[in-house]
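Below is one structure, written out as structure tokens; the observations come after it.
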Amino acid sequence: MSYQDALEEFLYKFKEDQFSTNLNSKQKLSLMKILRKNRPTFSIGKETLGKIRFHNIELYLDVERPYPPILRRPLYPASLETRTEIQKHINEKLDIDVLRKTGHNKRVEITTCVLITWNDGRSSLCKYFKSLNNYTKADWYPIPSKTNFPEKLAKAKDITNMNCMRGFHQNEVKPNSMNLLRIICCLAIYEYTRMPFDIKNASSHFQRVMDTMLQE
């Protein structure tokens, strides 16, 4: 099934009880028309991960080669259960081109270790970017304060809240910075082709993209 067919089926199955009870019938119909008109914009699965075309991520370090040993983090030991979970998370990121395996002939100077954490029976892949972040130059792009939101929304008639699917991962990393975003695990060494959540300045990059898009 193509993406367009899948999204059309999703909209067709959109149930009445999925609308806010604060909307009347006319407003619900208007919302459905907007969803159908802009259906290529919406994602319904991991295979439709978007890509920002006008802004790529580049990291700047305040240290030059040879890099300090602390930036070459060692491999964490992993139990059989942990190895299984790591492989699951790595494969998910490989499938959507967030990660790629580092070539055998690549010079590896910086590595970040990964580990698995558990919360309510669900596993998460955690990257220990602390060492890299300590040597990354800060990007002081302004981040909006939550305290300013009520003032800006005071006169709004309608408020829309939209979830940006894997928003950080929609930002591509420049090729010359991928070598700084390498993770090491029990499987191999991989490098991020999309911006990970845990790096310094990630919020600044994302806010810059949002400001640019919403101003157009």
Search segment 104-119 for residues being without any contact (Cβ under 8 Å) to a residue 40 or more places away in the chain and either among the aliphatic types (A, V, I, L, M) or part of a strand (DSSP E or B) (or both), and hand back the single one that is farthest from residue 64 (Cα to Cα). 119
Residue 138 vs. criteria more than 22 Å from residue 178 (Cα to Cα), of a type outside the set (Phe, Trp, Tyr) and out of contact with any His (no Cβ under 8 Å at 6 or more places or on another chain): no
Just to be sure, is residue 172 outside the structural domain of residue 28 (by TED's automatic domain parsing) and modelled with pLDDT under 90? no
Looking only at residues that are within 18 Å of the chain's Cα centre (by Cα) and part of a helix (DSSP H, G or I) in segment 138-178, which one is surrounded by the most Cβ atoms within 10 Å (Cβ to Cβ)? 169
With 112, 82, 117 as the choices, which residue is among the polar types (S, T, N, Q) and within 26 Å of residue 207 (Cβ to Cβ)? 112
Pairs please, first residue from segment 191-208 and closer than 29 Å to residue 104 by Cα, second anywhere and of a type in the set (D, E, K, R) and surrounded by fewer than 17 Cβ atoms within 10 Å (Cβ to Cβ), Cβ atoms under 7 Å, 6+ apart in sequence or on different chains. 191/100; 193/97; 193/100
Taking residue 124 as the residue in question, decide whether it is surrounded by fewer than 16 Cβ atoms within 10 Å (Cβ to Cβ) and assigned to a strand (DSSP E or B). yes
Can you tell me which residue is farthest from residue 51 (Cα to Cα) among those in segment 94-114 that are aliphatic (A, V, I, L, M) and within 18 Å of the chain's Cα centre (by Cα)? 114
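Limited to segment 182-216, what total is found for residues that are within 14 Å of the chain's Cα centre (by Cα) and part of a loop (DSSP other than H, G, I, E, B)? Quick ask: steps written out before the conclusion?
Looking only at segment 182-216, we keep the residues that are within 14 Å of the chain's Cα centre (by Cα), and these are 192-207, 209-210.
Among the residues that remain, those that are also part of a loop (DSSP other than H, G, I, E, B) are: 193, 195-201.
Final tally of qualifying residues: 8.
The values are calculated or read from the model by the stated rules, or taken from the named source; none is laboratory data. Not measured: the values here are computed from a predicted model. All Cβ positions, glycine included, derive from the backbone under ideal geometry; neighbour counts span all protein chains shown.
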